[in-house]
Every structure is written in C-alpha cells, then in structure tokens.
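Report on one structure; see the data block that follows.
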Amino acid sequence: MNKKFVFIILAITVAAVLLWGIILFRKSVNIIEKPVSLPQIPSQNVPSPTPVTETPSSNAASSQSAPKNAYAPPLDRASERITKKTFGQFITPQNSPVQPEKFRGYHTGTDFEIFPEELNSDVPVKAVCGGRIALKKTATGYGGVLVESCELNSEPVTVIYGHLKLASIKKNTGDSLAQGEEIGILGKAYSAETSGERKHLHLGIHKGAGIDILGYVQSKGELSGWLDPCLLETVCK
C-alpha cells in the first residue's frame with residue numbers, strides 16, 4: 001500500500017515537472033517569435049554633398065583668352081614709321097601727306113616709312129605671320145608686291161606687302177614663310193621697284209582667301225573687306 005502511494009506521488013511529480021517544462025518552452029518560443037519593435041530614430045535632414053567645381057588656374061585662363069594668331073611687326077621700330085598714311089584715311093591729291101599724290105580713296109593698309117639713313121641702304125621686310133606665298137609679281141602702283149595667305153583667329157586672310165624689290169625675294173609662289181622670316185627688301189625710291197613711289201612699305205590685310213591688292217577703295221563701306229593692321233597691336237609696335 002505504501003509503495004503504491006509513493007509510486008503515484010512520483011508519477012504526479014514527474015508529470016507536473018514535464019507539464020511545467022512544456023509551459024516554459026512554449027513561453028520561450030513565443031518570446032523568440034514575437035517581433036521586436038526597435039525604437040524609431042528621428043530622421044535628420046542630412047545635406048547632400050555640394051558638387052565641387054574646379055576653378056581653372058590663372059595660366060589656363062590666360063591661355064584661353066590669348067589670341068590664336070599673334071602677328072609680328074614687318075619692320076623694326078615699326079611704331080616710329082607710321083607717320084603718313086594710316087588705315088582708312090581718305091586720301092586726295094589735295095590733302096595727302098605725300099606730295100605729289102596721284103591716288104584718291106580710302107587707304108586699305110598702313111604705310112611704314114623709312115628713316116633718313118635708310119634711303120640708300122637695304123631695309124629688310126619680315127613676314128608678319130606664318131603662311132604661304134599666294135602671289136609674287138610687279139603691279140602698277142606697287143612695283144614689287146607679295147601676297148601671303150595666313151590665318152587670323154582661324155579665319156583666312158591675305159597679307160599684302162607692297163613696294164618690294166622683287167629680285168630680292170628668293171622664294172616663289174606656293175612656298176611657305178615663317179613668322180618673322182625675311183621676305184626681301186624695300187624697293188629703291190622713285191624707281192620701277194616701287195612704281196615711282198617713295199621708298200616705304202604698304203601693309204594691307206584683306207579678309208578671306210581671295211586675293212585683292214587694291215591700295216585704295218572708293219567708298220568707306222568697302223573698307224569692311226579689310227582689317228586695320230594696327231588693331232593687331234604687335235604689328236605696329
């Protein structure tokens with residue numbers, strides 16, 4: 001009787017322990033499976049990164065603003081030689097700074113005079129730009145004349161060198177000229193080399209690739225086809 005009672009008590013105890021274990025197990029499972037709510041972190045307005053713009057250096061800026069084609073003076077002491085006829089000046093036999101005068105019209109170029117001591121000496125003329133010889137001949141009003149095809153700001157121009165001694169020009173049509181290269185010398189005063197004119201250089205710059213050697217035009221509007229050489233500051237320095 002006592003043994004049977006003890007066995008029953010043990011069985012009840014074991015059953016209670018098992019039941020309690022099952023209850024604890026289920027609770028632990030519920031805890032694991034229950035979603036965990038994390039605390040909300042208030043959003044912050046984070047500024048977006050500001051794009052960085054590189055500022056070009058002063059050297060880069062100056063190289064961009066520099067002219068694509070820098071021209072050179074055709075004679076030494078060029079600025080001191082411009083004393084008579086300038087670009088666009090209206091010339092008549094009555095008002096001309098050169099007497100006697102046989103021309104009339106708006107001057108298409110700039111004249112560079114000689115110094116007194118150069119009257120009987122060779123005066124070398126240099127190419128104001130790098131290009132090719134487009135024309136080399138004797139022409140009325142010029143004597144010896146050479147036309148060079150060049151570029152200015154990526155646009156074609158032709159440069160007229162008038163009153164040259166043609167025999168002194170060693171290169172021929174189609175040959176290249178480097179900027180600053182000696183072309184030849186000025187023609188002798190009042191000779192066929194200058195078409196009877198004084199010893200000087202007529203420098204003209206005509207827009208476009210077409211050749212036009214007119215020294216004068218009869219209307220101011222026609223000057224639009226030409227450029228003032230002295231607007232290219234280095235030419236008349």
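Can you give me the number of residues within region 142-157 that are in a strand (DSSP E or B) and within 15 Å of A192 (Cα to Cα)?
3
Please find, within region 94-114, the residue that is surrounded by the most Cβ atoms within 10 Å (Cβ to Cβ) out of those that are of a type in the set (A, V, I, L, M, F, W, C) and either under 23 Å from L232 (Cβ atoms) or in contact with a His (Cβ under 7 Å, 6 or more places away or on another chain) (or both). Among them, the one singled out is F112.
Checked against (1) buried (at least 16 other Cβ atoms within 10 Å of the Cβ); (2) touching a residue at least 60 places away in the same chain (Cβ under 8 Å); (3) under 29 Å from the mean Cα position of the chain (by Cα), A209 passes all but a single condition, namely (1). Once region 212-225 is narrowed to residues that are touching a helix residue (DSSP H, G or I) at 6+ places or on another chain (Cβ under 9 Å) and closer than 12 Å to V145 by Cα, the residue that is surrounded by the fewest Cβ atoms within 10 Å (Cβ to Cβ) is D212. Among the residues of region 115-149, just one is of a type in the set (K, R), surrounded by 18 or more Cβ atoms within 10 Å (Cβ to Cβ) and either under 27 Å from the mean Cα position of the chain (by Cα) or within 20 Å of C236 (Cα to Cα) (or both), namely K126. With respect to the conditions (1) at pLDDT 95 or above; (2) in a loop (DSSP other than H, G, I, E, B); (3) farther than 24 Å from E182 by Cα, T55 lacks only one, and its number is (1). Residues that are over 26 Å from D76 (Cβ atoms) and either modelled with pLDDT under 95 or of a type in the set (S, T, N, Q) (or both) within region 186-226 comprise Q218, S219, S224, listed in sequence order.
Candidates are the residues of region 74-93 that are among the β-branched types (V, I, T) and loosely packed, with under 14 Cβ neighbours inside 10 Å; the one that is farthest from E193 (Cα to Cα) is T92. A residue that is touching a His at 6+ places or on another chain (Cβ under 6 Å) and either part of a helix (DSSP H, G or I) or on the phi > 0 side of the Ramachandran plot (or both) occurs somewhere in region 175-194.
When region 111-141 is filtered for residues that are touching a helix residue (DSSP H, G or I) at 6+ places or on another chain (Cβ under 7 Å) and assigned to a loop (DSSP other than H, G, I, E, B), only V128 remains.
Name the residues in region 199-237 that are hydroxyl-bearing (S, T, Y) and either over 21 Å from A139 (Cα atoms) or part of a loop (DSSP other than H, G, I, E, B) (or both), would you?
Residues of region 199-237 hydroxyl-bearing (S, T, Y): 216, 219, 224, 234.
Hits for region 199-237 are S219, S224, T234.
The values are calculated or read from the model by the stated rules, or taken from the named source; none is laboratory data. Because the structure is a prediction, the values reported are computed rather than measured. Heads up, the Cβs are rebuilt from the backbone with ideal geometry, glycines too, and the neighbour counts pull from every protein chain shown.
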